[in-house]
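Chemist: Below is the structure I would like to discuss, written out as structure tokens.
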Amino acid sequence: ANRLLKTLEDPASFVHLILLTDALGRVLETVISRCQLVRFEPLPAARIAATLEAEGVEGERARACAALALGNASRARLLASAEGEELRGEVEAFTSAALSGEPGETWKPLLERAERRRAAAEEAVAAEGAERLEMEPAGRDRRAIERELEEAAKRDGRRARTEVLDLALTLTGLAFRDLVCLASSAPEAVLASDRASALAERARGRDPRRLREAAERCEDVRQALELNVSEDLALSALGLRLAALAGAPG
């Protein structure tokens, strides 16, 4: 990031630089001091829910998906889809297994989903690249374009895989957050309102402090996946940690 400083201080006259972050505290102060901050608030959940209902999503489900999306309309639309419902089911299985004290390998479907998304993203880039290459003559330039397309496919694949795991861990953390609300007698604060009854049963007799710590561990692992960590080991260790924290009522 320090390499940006000179560019930020003295950009070309025809250039406007826009830096985006959802974690301002992790940006170098020297970078922040050279920028003009513009804050974009998340979309209100009620507004997102109304949009989903207008698109045909059932009311309670629309409100839950809007709340769980944390202001992201695209994410809410994904959660309201059949794919999103499947993902929520896999997250619930992972969470329930941890609460039972026997997490097993319930994290594997999440990794498998992420891998399928990676493969699909790479195939999409490859298909677009094949069309582009049909117009290119053989030679050095064509080989350079082929390498460029291969790298682009890998980047898109990694990004798609990371997005799935990021969302899965976010939902897992929010599930424990909802359990904290119910264990603390605050049902009105539950985000996954369409799962409130099942969550209330799981929250009965649980220690809110340990549930809160479990939610924090989910966030720690989500952030750690931005680094070069072993995803299967990270998720397996998370399951065991969650079970240790929240696997026994009281």
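Chemist: Just from the alpha-carbon atoms, what are the Rg and Dmax of the range 84-203 in angstroms?
Modeler: That works out to 20.9, 69 Å for Rg and Dmax.
Chemist: I've got another one for you. For the chain, what is the calculated [θ] at 222 nm in deg cm²/dmol (nearest 500), taking -39500 (n - 2.57) for each run of four or more DSSP H residues and dividing by its residue count?
Modeler: -22000 deg cm²/dmol
Chemist: A follow-up question, please. Give the calculated FRET efficiency between Glu58 and Ser96 to the nearest 0.05, with a Förster radius of 25 Å applied to their Cβ-Cβ distance.
Modeler: 0.60
Chemist: Going out from 0 in 10 Å bins, what whole percent of all Cα-Cα distances in the range 175-233 drops into each bin?
Modeler: P(r) over the range 175-233, rounded to whole percents: 24, 42, 23, 11.
Chemist: Using the Kirkwood formula on the Cα atoms of the range 30-163, what hydrodynamic radius do you get, in angstrom to one decimal?
Modeler: When all Cα pairs of the range 30-163 are included, the Kirkwood radius is 18.3 Å.
Chemist: Using a 1.4 angstrom probe on heavy atoms only, work out the carbon and sulfur share of the accessible area of the range 83-240 in %.
Modeler: Using a 1.4 Å probe with all protein chains present, the range 83-240 comes out at 50 percent carbon and sulfur.
Chemist: Suppose R0 equals 25 Å. What FRET efficiency, 1/(1 + (r/R0)^6) with r the Cβ-Cβ distance, do Leu20 and Glu213 give to the nearest 0.05?
Modeler: 0.20
Chemist: Continuing with the same structure: Per residue, how much accessible area does the range 107-205 show when a 1.4 Å probe rolls over the protein heavy atoms, in square angstrom?
Modeler: Averaged over the residues of the range 107-205, the accessible area is 56 Å².
Chemist: Hey, what's the Kirkwood Rh for the range 1-65 if you take every pair of different alpha carbons, in angstrom?
Modeler: Hydrodynamic radius (Kirkwood, Cα only) of the range 1-65 equals 15.1 Å.
Chemist: Loop-only GluC sites (Glu not before Pro) in the range 1-106, please: DSSP not H, G, I, E or B, and at most 16 other Cβ atoms within 10 Å.
Modeler: Of the GluC sites (Glu not before Pro), the ones in loops of the range 1-106 whose Cβ has at most 16 other Cβ atoms within 10 Å are Glu55, Glu58, Glu105.
Chemist: To continue, here is another question. For the chain, what size does the Cα cloud have along each of its three principal axes, sorted from largest down, in whole Å?
Modeler: 68, 42, 41
Chemist: Just the C-alpha atoms of the range 149-250: what Rg/Rh do they give, with Rh taken as the Kirkwood radius?
Modeler: When Rh is taken as the Kirkwood radius, the ratio is 1.08.
Chemist: Rolling a 1.4 angstrom probe over the protein heavy atoms, how many square angstrom per residue are accessible across the range 1-89?
Modeler: 71
The values are calculated or read from the model by the stated rules, or taken from the named source; none is laboratory data. Predicted model, so just to flag it, every value in this text is computed and none were measured. In this analysis, Cβ positions are derived from the backbone assuming ideal geometry, glycine residues included, and neighbour counts consider all displayed protein chains. Heavy atoms of the whole protein, side chains included, go into the accessibility calculation; ligands, DNA and RNA do not. Shrake-Rupley method; radii C 1.70, N 1.55, O 1.52, S 1.80 Å.
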